[in-house]
Protein chains: 2
Amino acid sequence: MSLLVVGTVAFDAIETPFGKVDRITGGSGNYICHSAGNFTHDMQLVSVVGEDFSTDELKYLQSIGTDISGVQIKKGEKSFFWSGKYHMDMNRRDTLVTDLNVLATFDPVLPDNFKKPEFLILGNIDPALQIKVIEQLEERPKLVAIDTMNFWMDIAWDNLQKVLGMVDLLIVNDEEARQLSKEHSLVKAAEKIRALGPKFLIIKKGEHGALLFHGNRVFFAPALPLEDVFDPTGAGDTFAGGFMGYLAKTKDLSFENMKRGVIYGSALASFCVEKFGPERLKELSHKEIEERVQIFIEIVDFDIILD
Amino acid sequence: MSLLVVGTVAFDAIETPFGKVDRITGGSGNYICHSAGNFTHDMQLVSVVGEDFSTDELKYLQSIGTDISGVQIKKGEKSFFWSGKYHMDMNRRDTLVTDLNVLATFDPVLPDNFKKPEFLILGNIDPALQIKVIEQLEERPKLVAIDTMNFWMDIAWDNLQKVLGMVDLLIVNDEEARQLSKEHSLVKAAEKIRALGPKFLIIKKGEHGALLFHGNRVFFAPALPLEDVFDPTGAGDTFAGGFMGYLAKTKDLSFENMKRGVIYGSALASFCVEKFGPERLKELSHKEIEERVQIFIEIVDFDIILD
């Protein structure tokens, strides 16, 4: 077995300076699978949706190699719904509506054949549920990664600390890293966060790229300077999915390979923002991804010979 | 002749979360020479100071190869004085005091032996004065670079447009690039700014690195993730000085070499912020600079072989 994904599958309504959609599929688990599916066709998804959810979207996930037997479909209930609005500075957004619906009572249960994954990524959900998933595993995966957000730092601090002690990699943005560590300097923040458990840390900086920390090493990955960011929703989950998918494909946890994973994750995220929702991720060819990675290679390339 | 520098030489009072100084030497021309002096000892400085200015600082500038015969010393007058306060987010600062003093009547006059420089950098002063300097040149330099700021966009728009039509390279930060172009996307901003004249554009992003634009090419230079930024005053001018000094030393205006210049400029700026004012720049060894550049090489290094 390969990559176990636990996260939300939902409907989103999104407004950006470039347009508006009233109802599009989203959710962290959904974006992660869309992205990771470019590297592995051996994914298991644990999530919950209402009776209203798109069967086409679930079929699409199956078509790219996702076992959806861990997706609970709640009869007579509604899917998780989020609505948000972005302004010109796409690093910030206003949440307009959060209807938890089925997510309010989500109890992630791993089917028996999901309990020995090689890789595990826990999307941004209640740390108590993240712990519950890890406790159901029968074997320790090669790598356990989690995402989280400011909300859980505010209301679920103790469980967040506990789950950080159980994982190998935390993926957060710069603002979240600062809140979690109470340090402004990202170098100091990284040190404090890794003291809580995760030996690897990725800090995403939106249009400014991402940092990967491990031991005394740091890798600074660029973001592509884009003409337009059409819709940033899901870019973080797409990054995480591309990163984990690349690791699941290559099965190499060296720092050198983790850096490659960060570049592939960044490349996938740069596609995600080109259209609303996960649409752009559905139509990607291997060639397009390789061409995008080539741009990442060129944009930071320089050649200095030191004395 | 090599590098002509036009800019302020001044006193600063600075407060940061790490400490406070009441009176330290500063000014764009001063920082540029301190930084460029690591690469060339053939600099000419045009500036103005009051009778109160430090003769030791002027002697130091001479000792690193600066011809200061273009620095006017106004008897009975006071030097330009700036005072500012930084908070934890060092990308922003509050200006507390701006006493123009001698700067109010500054009339940059090039001594005859300053009129054929190979390279020219015009620090952030009134665009009318930048134009006046260019008009005194007897030969076109290999490269003319300027810095500017939001203030001149607000009060000297026409002259700023005019000087942009006369130069090869503009060096600004991201906020300034957005205000100048009225575009949020830095890619679109770069396109609009280069349509005004400069064929090269550097956009500095503080702790997020810098972008170099030329033709249809972009280079994304990292900044080092630092434990502490002690005092960011002068970091932008130090970047510009390191960049121009490196070009003056190598005399190679290819895009490949400009990228190296951006890395050397970034390395010098990373030293500048370690102490108050230009102090750290006075004590740098060649070996320290090379070691710092090595860190820049390693931090963005990755190795992907595409199919």
Within the range B:268-278, residues being in a loop (DSSP other than H, G, I, E, B) and small (Gly, Ala, Ser) number 1
Counting only residues that are surrounded by fewer than 24 Cβ atoms within 10 Å (Cβ to Cβ) and under 16 Å from the mean Cα position of the chain (by Cα), the range B:224-234 contains a total of 1
Selection from the range B:108-125 of residues closer than 23 Å to B:ASN150 by Cβ and part of a loop (DSSP other than H, G, I, E, B) yields B:PRO108, B:GLY123, B:ASN124, B:ILE125
The residue that is farthest from the other protein chains (Cβ to nearest Cβ), considering only those in the range B:252-297 that are more than 21 Å from B:VAL229 (Cα to Cα) and under 19 Å from the mean Cα position of the chain (by Cα), is B:LEU253
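Considering only helices (runs of 4 or more DSSP H) fully contained in the range B:126-235, which possess at least 1 residues that are away from every other protein chain (no Cβ under 12 Å) and of a type in the set (S, T, N, Q)?
B:127-135, B:150-155, B:157-164, B:174-181
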Note on the range B:82-107: residues part of a loop (DSSP other than H, G, I, E, B) and more than 18 Å from the chain's Cα centre (by Cα) are B:HIS87, B:MET88, B:ASP89, B:LEU100, B:PHE106, B:ASP107
* Hey, any hits in the range B:156-167 for a residue that's aromatic (Phe, Trp, Tyr), out of contact with any Gly (no Cβ under 9 Å at 6 or more places or on another chain) and surrounded by 19 or more Cβ atoms within 10 Å (Cβ to Cβ)? -> no
Kindly check whether there is at least one residue in the range A:94-108 that is more than 27 Å from A:PRO232 (Cα to Cα) and out of contact with any Lys or Arg (no Cβ under 7 Å at 6 or more places or on another chain). yes
Listed by first then second residue, the pairs whose first member lies in the range A:9-31 and is closer than 14 Å to A:LEU281 by Cβ, whose partner is outside any helix (DSSP H, G or I) and acidic (Asp, Glu), with beta carbons under 9 Å and at least 6 positions apart or on separate chains, are A:ILE24/A:ASP12; A:THR25/A:ASP12; A:GLY26/A:ASP12; A:GLY27/A:ASP12; A:SER28/A:ASP147
(1) crowded, with 24+ Cβ neighbours inside 10 Å; (2) in a loop (DSSP other than H, G, I, E, B) all hold for B:HIS41 apart from (1)
Picked from the range A:202-215 (must be closer than 16 Å to A:ASP168 by Cα and surrounded by fewer than 22 Cβ atoms within 10 Å (Cβ to Cβ)), the residue modelled with the lowest pLDDT is A:GLY215
Counting only residues in the range A:86-97 that are in contact with a Ser or Thr (Cβ under 8 Å, 6 or more places away or on another chain) and modelled with pLDDT of 90 or more, the one nearest to the other protein chains (Cβ to nearest Cβ) is identified as A:TYR86
Across the range B:44-56, the tally of residues that are hydroxyl-bearing (Ser, Thr, Tyr) and surrounded by fewer than 18 Cβ atoms within 10 Å (Cβ to Cβ) stands at 2
Exception for A:ASN30 within (1) assigned to a loop (DSSP other than H, G, I, E, B); (2) crowded, with 23+ Cβ neighbours inside 10 Å; (3) of a type outside the set (A, V, I, L, M) falls at (1)
Residue hits (the range B:112-145; free of Cβ contacts under 8 Å to residues at least 60 places away in the same chain and not aliphatic (A, V, I, L, M)) are B:ASP112, B:LYS115, B:ASP126, B:PRO127, B:LYS132, B:GLU135, B:GLN136, B:GLU138, B:GLU139, B:ARG140
Exception for A:ILE14 within (1) in a strand (DSSP E or B); (2) surrounded by fewer than 24 Cβ atoms within 10 Å (Cβ to Cβ) falls at (2)
Among residues of the range A:211-231 being among the small types (Gly, Ala, Ser) and touching a Gly at 6+ places or on another chain (Cβ under 6 Å), the residue farthest from A:LYS275 (Cα to Cα) is A:ALA221
Of the listed residues (B:LYS59, B:LYS74, B:LYS85), the one being surrounded by 14 or more Cβ atoms within 10 Å (Cβ to Cβ), over 28 Å from B:HIS208 (Cα atoms) and charged (D, E, K, R) is B:LYS74
How many residues of the range B:53-81 are assigned to a loop (DSSP other than H, G, I, E, B) and either hydroxyl-bearing (Ser, Thr, Tyr) or in contact with an Asp or Glu (Cβ under 8 Å, 6 or more places away or on another chain) (or both)? The answer is 8
If we keep only residues of the range B:279-307 that are aliphatic (A, V, I, L, M) and outside any helix (DSSP H, G or I), then the residue nearest to B:SER63 (Cα to Cα) is B:LEU284
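The values are calculated or read from the model by the stated rules, or taken from the named source; none is laboratory data. This structure is a prediction, so every number in the text was calculated from the model and none was measured. With ideal geometry, Cβ positions are generated from the backbone for all residues, glycine too; neighbour counts draw on all protein chains shown.
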